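The values are calculated or read from the model by the stated rules, or taken from the named source; none is laboratory data. Not measured: the values here are computed from a predicted model. Heads up, the Cβs are rebuilt from the backbone with ideal geometry, glycines too, and the neighbour counts pull from every protein chain shown. Side chains are part of the model used for accessible areas, which takes the heavy atoms of the whole protein and leaves out ligands, DNA and RNA. Shrake-Rupley method; radii C 1.70, N 1.55, O 1.52, S 1.80 Å.
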Amino acid sequence: MTETVQTRPARLANIYALFSVANNQVYYGATCRQLSERFRQHKGSRNKTRSKDIMTQQDAKIELVESVEATKKELAAKEGEAIKRHHNSKWAT
């Protein structure tokens, strides 16, 4: 009997940068949600990511780095690729 592997279809996802000039930090992430919603989640008390220090700053911002088509499995790799491409960008610290 042949095993059927189900894969989820690719979805449009956003790779983003959270940054603060005040504390000279940047955090990259990826989401299929709207960036405004993801920003609110980072501000929340349940935030367990390294973005906590950024989110305590008054100048914390989120910006789209790029949109990609990817499955959930592919998204982490695409996020890593984007970080490498943009590490010297305006978001770099």
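Apolar share of the accessible surface for segment 8-93: 48 percent from carbon plus sulfur atoms, 1.4 Å probe. Taking the charge dipole of the chain about its Cα centre, with +1 at Lys and Arg Cβ atoms and -1 at Asp and Glu Cβ atoms, the residue from Val65, Gln41, Ala13 reaching farthest to the positive side is Gln41. Labels on offer are (1) 15.2, 60; (2) 14.0, 49; (3) 12.8, 47, and the one holding Rg and Dmax of the Cα atoms in Å computed from this structure is (1).
Taking θ as phi - 60° and the Karplus parameters 6.51, -1.76 and 1.60, the scalar couplings of segment 11-22 work out to 10, 6, 10, 10, 9, 10, 10, 9, 8, 9, 6, 4 Hz in sequence order, x denoting glycine and proline. For the listed peptides 20-29, 46-55, a ranking on the average number of other beta carbons within 10 Å per residue, highest first, reads 20-29, 46-55.
Probing with 1.4 Å while keeping every protein chain in the model, the per residue accessible area of the chain equals 74 Å². With respect to the chain, whose longest principal axis is taken over its alpha-carbon atoms, helix 72-86 is tilted by about 40°. In the chain, the DSSP-assigned H stretches of four residues or longer account for a calculated mean residue ellipticity at 222 nm of -8500 deg cm²/dmol, using -39500 (n - 2.57) per stretch and the full residue count as denominator.
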